[in-house]
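The values are calculated or read from the model by the stated rules, or taken from the named source; none is laboratory data. Please read all numbers here as calculations on a predicted model, not as lab measurements. Here the Cβ is made from the backbone with ideal geometry for all residues, glycine too, and neighbour counts use every protein chain on show.
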């Protein structure tokens with residue numbers, strides 16, 4: 001059985017590119033930013049994307065030195081050779097960036113290969129399988145530079161390549177558009193919170209009816225007094241046992257960023273004692289709060305408000321992992337949605353770090369001290385309700401867009417291997433190039 005149609009060809013990636021460039025093999029000296037010069041580390045490359053929001057910064061002289069081999073530009077492809085192995089990302093901006101350690105850059109020869117087609121090829125099982133098979137290392141998998149230059153790419157004529165790339169790019173463009181809308185909705189909700197509860201410019205605010213700047217009806221309350229129930233998470237067993245019979249998903253601290261952004265795809269699923277599940281099963285409005293783990297550059301205290309839509313999509317129970325706490329607020333006193341933005345602001349401004357301690361390479365959170373000593377200026381119930389009426393629709397729309405993105409990604413991921421192998425024919429299709437591809441084609 002043939003792997004590809006007869007009119008397809010196969011060649012090494014180095015023969016199909018005008019540039020295949022390895023990074024400078026030492027770490028660039030970084031400085032406190034921000035500057036306009038950013039380093040792409042392996043951790044910035046994941047699932048086809050290059051995240052430039054979490055980069056290290058350098059000065060202009062370092063940037064010039066580290067781009068002497070090549071300066072990355074829009075639509076270049078970056079591959080990670082180690083830690084992790086085989087992540088691929090497409091550079092989608094014109095920012096001044098350079099390759100950090102253990103990364104490589106690919107720039108296709110436009111007379112032979114469409115750049116987007118190469119990008120999707122490198123994401124496909126056909127190329128990923130070659131990368132994984134060449135990976136070596138006793139403790140950490142890594143790909144040697146010669147192997148990163150020699151993996152094979154199968155390709156049809158250019159026009160067909162462009163159609164395939166256009167079809168897959170259409171999905172990615174929809175996903176990116178939804179991500180921008182999600183970010184805007186979240187920004188709107190956060191701004192309402194800051195306007196009302198930080199700047200104190202809420203509806204009907206009247207400084208005459210305040211005592212030492214605290215509006216009438218508001219109360220400074222210990223965080224512990226707002227909590228109806230809290231408990232440490234669990235881990236259970238990998239397989240069902242005599243005692244651990246009930247299955248449930250487990251949310252770890254490392255899962256929280258994906259859950260917050262709505263870009264999750266799968267979670268750990270384990271088996272638990274029924275009694276453990278009863279006290280730890282997450283309900284709508286519950287919070288998952290990270291209390292252990294982290295790193296020197298990552299504060300503990302990351303948290304997530306669990307939505308009804310999330311639990312509905314999972315279809316089965318969920319608990320938080322043993323390095324997290326479940327927090328259930330007393331909804332007769334405080335609205336969970338209000339607490340979501342209080343805790344987010346608390347984390348973003350770094351106050352959460354007051355209760356973090358570091359020992360022997362692992363961080364721990366003084367949770368009992370946190371909930372006992374930390375006070376919350378609680379607005380009156382009417383104002384909480386007004387806030388929730390404004391913000392709840394924004395959250396629901398955000399969750400709906402995130403769900404749409406997961407469906408789009410799932411469909412794209414089903415199509416990608418069939419298109420890149422030629423099993424799904426695009427010749428008869430009248431495919432319009434997305435706007436982002438028009439300049440490349442011209």
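Points worth noting:
- Counted as qualifying within the stretch 79-176 are the strands (runs of 3 or more DSSP E) with 3 or more residues that are touching a helix residue (DSSP H, G or I) at 6+ places or on another chain (Cβ under 7 Å), namely 85-90, 103-108, 152-155.
- Just one residue in the set 337, 354 is without any contact (Cβ under 8 Å) to a residue 40 or more places away in the chain and either in contact with a strand residue (DSSP E or B) (Cβ under 7 Å, 6 or more places away or on another chain) or in a helix (DSSP H, G or I) (or both); that residue is 354.
- All told, residue 213 meets the bar of being without any contact (Cβ under 8 Å) to a residue 60 or more places away in the chain and either under 30 Å from residue 406 (Cβ atoms) or surrounded by fewer than 18 Cβ atoms within 10 Å (Cβ to Cβ) (or both).
- If you check 10, 35, 27 for being touching a residue at least 12 places away in the same chain (Cβ under 8 Å), exposed (fewer than 15 other Cβ atoms within 10 Å of the Cβ) and part of a loop (DSSP other than H, G, I, E, B), only one passes: 27.
- Only a single criterion out of (1) over 30 Å from residue 171 (Cα atoms); (2) surrounded by 13 or more Cβ atoms within 10 Å (Cβ to Cβ); (3) at pLDDT 95 or above is not satisfied by residue 355, namely (3).
Results for (1) at pLDDT 95 or above; (2) within 18 Å of the chain's Cα centre (by Cα), shown as yes or no for each residue.
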position	(1), (2)
282	yes, no
287	yes, no
296	no, no
306	yes, yes
314	no, no
318	yes, no
328	yes, no
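- Hey, residue 116 crowded, with 24+ Cβ neighbours inside 10 Å and under 20 Å from residue 10 (Cα atoms) or not: yes
- For residue 120, the stated conditions hold: it is under 15 Å from residue 416 (Cα atoms) and within 24 Å of the chain's Cα centre (by Cα).
- For beta carbons closer than 6 Å, sequence separation of 6+ or different chains, a first residue in the stretch 265-291 that is closer than 26 Å to residue 47 by Cα and assigned by TED's automatic domain parsing to the domain that holds residue 341 and a second that is part of a helix (DSSP H, G or I) and modelled with pLDDT under 95, the qualifying pairs are 290/253.
- The sole residue among 364, 405 that is outside any helix (DSSP H, G or I) and touching a residue at least 12 places away in the same chain (Cβ under 8 Å) is 364.
- Of all residues in the stretch 322-351, those being closer than 30 Å to residue 270 by Cα and surrounded by 14 or more Cβ atoms within 10 Å (Cβ to Cβ) number 15.
- From the list 189, 165, 170, the lone residue that is buried (at least 19 other Cβ atoms within 10 Å of the Cβ), assigned by TED's automatic domain parsing to the domain that holds residue 392 and under 28 Å from residue 428 (Cβ atoms) is 165.
- Across the stretch 253-288, the number of residues qualifying as part of a loop (DSSP other than H, G, I, E, B) and surrounded by fewer than 19 Cβ atoms within 10 Å (Cβ to Cβ) comes to 10.
- Checklist (1) more than 29 Å from the chain's Cα centre (by Cα); (2) crowded, with 16+ Cβ neighbours inside 10 Å applied to residue 203, failing item: (2)
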